[in-house]
Amino acid sequence: MSENQPNKLNKEADQSKSIRKRLWDIGGILWIALGLMTLLTYLFPDIGGNVLGWWAEFLDRWFGWGSLWVVLTLCLVGIWMIGKFHRRKIIISWGRVIAFEIAAFSSMAILAFAGGRSLEQAETGYGGRIGWGLEELMFGLFKPLGFAAGFLTILSLGIILFICLLYGFGLNRSFFIKIRYFVDQTQRDIIPESVSDPAVSEAPLRGSESLNSPGVGAQNNGGRKKIAKVSLKSLEDSS
């Protein structure tokens, strides 16, 4: 009886694990199906029913063309749920997830700016209400600067979008390595042109080295002693 009890417990554990795996697979399939149906309804509004039509209208009003980010998120969540209990688990980097989220909201704000900063235009696809609100918030930060506020707003949103996409796709290291290599190459090309001819600058140094060398110093001292002896002899002869 004691030998059959562990086997029974193992079977129950395997069954519960199998049930959970199937539930996660079903949930993942549902999320992917919802994402694809949302995409089709958003692209072809006539084929959607009442529920999907309301869902697509809701996304269009609040996210605009940023609804494509919602569709992508739904599909990715479904893929993650399907792969959760398989051997090859999908490792999630939450830093990249946050970077993609910031990139999504930045793109929606850029669309709202492109729509003329109008709420009516934003609700028709240009970033939605969320994108319009983010754009107005960013514009309010630069509003005291006057006519440059619009330029600084779109420039800041573009830089945020670019950096977040680089980090999200894992291209930030290679990008900065290429930038550093380009800067180094530029410095190598500029520095030789500003340096004078080495032959001219080394000549005085060589002369000074030859004068300061010990052999030359000894020869000079010997010559001075000979000159002193000759002068003494000439004085004695004259006397």
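The values are calculated or read from the model by the stated rules, or taken from the named source; none is laboratory data. Because the structure is a prediction, the values reported are computed rather than measured. Every residue, glycine as well, gets a Cβ built from its backbone with ideal geometry; the counts of neighbours run over all protein chains shown.
Going through (1) within 30 Å of Arg20 (Cα to Cα); (2) outside the structural domain of Trp24 (by TED's automatic domain parsing); (3) not in a helix (DSSP H, G or I) one by one, Lys84 falls short only on (2).
Yes/no per residue for (1) exposed (fewer than 14 other Cβ atoms within 10 Å of the Cβ); (2) among the aliphatic types (A, V, I, L, M); (3) not assigned by TED's automatic domain parsing to the domain that holds Leu171:
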{"site": "Thr73", "(1), (2), (3)": "no, no, yes"}
{"site": "Trp80", "(1), (2), (3)": "no, no, yes"}
{"site": "Glu101", "(1), (2), (3)": "no, no, no"}
{"site": "Leu119", "(1), (2), (3)": "no, yes, no"}
{"site": "Ile130", "(1), (2), (3)": "no, yes, no"}
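Conditions (1) within 21 Å of Trp65 (Cβ to Cβ); (2) assigned to a helix (DSSP H, G or I), marked per residue:
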residue	(1), (2)
Ile92	no, no
Glu101	yes, yes
Phe105	yes, yes
Ala109	yes, yes
Ala112	yes, yes
Arg117	yes, no
Ala122	yes, yes
Gly125	yes, no
Arg129	yes, yes
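Restricting the range 30-66 to residues that are part of a loop (DSSP other than H, G, I, E, B) and more than 36 Å from the chain's Cα centre (by Cα), the residue that is farthest from Glu101 (Cα to Cα) is Gly49.
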